[in-house]
Amino acid sequence: MEEIKLVWEDKAKENARTIYGYLFEGSATYAASWADEIERKLDNLLVFPEMGRMVPELNVSFIREIFAGQYRIVYTFQNNTITIVTVRSMQQPLGKYKYDNQREAGRNH
């Protein structure tokens with residue numbers, strides 16, 4: 001079995017850092033706990049890449065999400081690569097995610 005890779009889109013990294021900073025202002029302990037939770041969930045994701053649910057707004061099999069605290073971690077899983085697309089509050093709408101270029105590959109999942 002081929003090894004699964006994990007990559008972050010730049011915007012997703014930026015979102016995660018911003019959220020961490022916001023949480024840190026309220027509680028350094030909570031922020032560290034949130035970061036640890038994300039790390040554990042991503043470790044699990046490398047073993048079970050389809051463990052996340054399909055994003056309900058999109059209903060596309062290869063666009064999935066997991067949760068850490070009150071935050072959604074949206075990712076794609078294609079060609080043995082997990083790409084973290086965004087990290088955002090569950091209260092914040094996902095908005096439109098462009099997946100047209102990946103649509104054909106996603107039909108194979």
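Odds and ends about this structure:
- With R₀ fixed at 30 Å, the C-beta to C-beta distance from residue 25 to residue 94 puts the FRET efficiency at about 0.75.
- Set of aspartates and glutamates near residue 13 by C-alpha distance (under 19 Å), chain-local residues within fewer than 8 positions excluded: 25, 36, 37, 39, 43, 65
- Charge dipole of the range 5-91 about the Cα centre (unit charges at C-beta), most positive-ward option of 20, 38, 63: 63
- Packing-based order for 8-14, 58-64, using average beta carbon neighbours within 10 Å, highest first: 58-64, 8-14
- In terms of packing, defined here as the mean over residues of other Cβ atoms within 10 angstrom, the peptides 26-39, 67-80 line up highest first as 67-80, 26-39.
- Cut-off under 5 Å, modelled amide H: who pairs with residue 68 long-range: 73
- Here is how the number arises for the chain: DSSP H runs of 4 or more residues each give -39500 (n - 2.57), the sum is divided by the residue count, and the result at 222 nm is -12000 deg cm²/dmol.
- Segment residue 67..residue 33, full-extension length gain: 10.9 nm, with 0.36 nm per residue of separation and the alpha-carbon distance subtracted.
- Projected label points at residue 58 and residue 41, each 7 Å from Cα along the beta carbon direction, are separated by 1.5 nanometres.
- At R0 = 25 Å, FRET efficiency that the Cβ-Cβ distance of residue 48 and residue 10 yields, to 0.05: 0.45
- In this simple spin-label approximation, residue 17 and residue 3 carry label points 7 Å from Cα along the Cα→Cβ vector, and these lie 2.6 nm apart.
Where a number appears in this text, it was derived from the coordinates with a stated rule and is not lab data. Predicted, not measured: the structure shown is a model, and the values here were computed from it. Ideal geometry is used to build each Cβ from the backbone, glycine not excepted, and the neighbour counts take in all protein chains shown.
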